[in-house]
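Each remark here refers to the structure printed beneath this line.
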Amino acid sequence: MILSSLCDYYTRLAQETPPKVPDYGFSEEKIGYAIVINASGSIVNTIPRMSTDKKPKARPLAVPRPVKRTSGIMPNFLWDKCAYVLGAQPHPNKKNDIPWTFNPNCFEAFQAFHE
């Protein structure tokens, strides 16, 4: 009874204009930039998706539901954090002149997943 009521409520929220919940299998995530690639996989453009507030923040976007990461390397489908998509992650030593380091494990897992 409770589950059917929750299912009915979700259906009502999804049918409103604009929908108040993402479609089944999707999740609202804060996405700061969209990367446009061509057919060969080269980066063509980057599109900022930040709010126009005094302090810009990433805006929510409906994307495929994220995987549950507790340990190990598991990329998300078509989106993820910089360590996976670009292989860039913040340098562990903040005093270093190089603010970002390359993470080949996450980057290669993301590439292999999408190939």
With only Lys, Arg, Asp and Glu charged, each at its Cβ (+1 for the first two, -1 for the last two), find how big the charge dipole of region 56-115 is about the Cα centre; round to the nearest 20 debye.
-> 420
Normalise the Cα radius of gyration of region 37-76 by 2.2 N^0.38 Å (N = residues in it) and let me know the number.
-> 1.66
Residues whose built amide H sits under 5 Å from the amide H of PHE26, excluding neighbours closer than 5 in sequence, are ARG65
When the accessible area of the chain is split by element with a 1.4 Å probe, what percent falls to carbon and sulfur?
-> 60
Could you give the accessible area per residue of region 12-71, probe 1.4 Å, as a whole number in Å²?
-> 84
Report, ordered by chain and residue number, the aspartates and glutamates lying within cross-link reach of LYS57, taken as a straight Cα distance under 19 Å and ignoring same-chain residues fewer than 8 apart.
-> GLU28, GLU29, ASP80
Residue-wise, which Karplus ³J(HN,Hα) couplings in Hz belong to region 53-69, taking 6.51 cos²θ - 1.76 cosθ + 1.60, θ = phi - 60°, and x for glycine or proline?
-> 6, 4, 10, x, 10, 5, 8, x, 9, 6, 10, x, 3, x, 6, 8, 9
Compactness index (Cα Rg / 2.2 N^0.38 Å), the chain | 1.34
On Cα atoms only, tilt of 2-15 relative to the major axis of the chain in degrees = 70
May I have the convex hull volume per residue, in Å³, for the Cα set of region 64-113?
-> 79
Between the Cα axis of helix 104-114 and the main Cα principal axis of the chain, the angle (0 to 90°, nearest 10) is 50
Based on DSSP H runs of at least 4 residues, each adding -39500 (n - 2.57), what is the mean residue ellipticity at 222 nm of the chain after dividing by all its residues, to the nearest 500 deg cm²/dmol?
-> -7500 deg cm²/dmol
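The values are calculated or read from the model by the stated rules, or taken from the named source; none is laboratory data. Note that this is a predicted model, so its numbers are computed, not measured. Please note: Cβ atoms are built from the backbone with ideal geometry, for glycine as well, and neighbour counts cover all protein chains shown. Heavy atoms of the whole protein, side chains included, go into the accessibility calculation; ligands, DNA and RNA do not. Shrake-Rupley method; radii C 1.70, N 1.55, O 1.52, S 1.80 Å.
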